[in-house]
């Protein structure tokens, strides 16, 4: 059956524990969303220092965290509470070089769990 036949519990600004102006980006927020039944989570990606993509909330005071740390945290929690697939909604603001780094991280960390289409 097509994806459009399903209701999917989603999360917006998943990386935020507190407010969206001055909080922290935190990998633990993904565990909270996944344990609450979310099967689609949002990751806002931006160019970081030293070629390492970061996750943050646009141009606010939100403290960023590394994209890789979020993916590494998500991996063991993907199917902890549900057997259904998780959709990673990548809001991508990265350069081509850092997009390649994101793809490398996704393939390396998620391995066989990763489907890109």
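Divide by every residue of the chain the summed helix terms, -39500 (n - 2.57) for each DSSP H run of at least 4, and state the resulting mean residue ellipticity at 222 nm, rounded to the nearest 500 deg cm²/dmol.
Working: 3 runs with 31 residues, N = 117.
Calculated from helices alone, the mean residue ellipticity at 222 nm is -8000 deg cm²/dmol.
Pairwise over distinct Cα atoms, reciprocal of the mean inverse distance: report the Kirkwood radius of the chain in Å, one decimal place.
On the way: mean 1/r = 0.0687 Å⁻¹.
Taking every pair of different Cα atoms in the chain, averaging 1/r and inverting gives 14.6 Å.
Quick one: P(r) of region 45-93 from all Cα-Cα pairs, 10 Å bins, percents rounded to integers, in order of increasing distance.
Result, from short to long distances: 23, 47, 25, 6 percent.
Could you check what % of the DSSP bridge pairs in the chain are antiparallel, to the nearest 5?
Beta bridges within the chain, antiparallel portion: roughly 35 percent.
Once you put a point 7 Å from the Cα of residue 13 and another 7 Å from the Cα of residue 32, both along the Cβ direction, what distance in nm separates them?
Label at residue 13, label at residue 32, 1.2 nm between them.
Relative to the longest principal axis of the C-alpha atoms of the chain, give the angle of the C-alpha long axis of helix 96-110, reported between 0 and 90° and rounded to the nearest 10°.
40
Each reported figure results from applying straightforward, stated rules to the coordinates on display, with no laboratory input. Keep in mind it's a predicted model, so treat the numbers as computed, not measured. Heads up, the Cβs are rebuilt from the backbone with ideal geometry, glycines too, and the neighbour counts pull from every protein chain shown.
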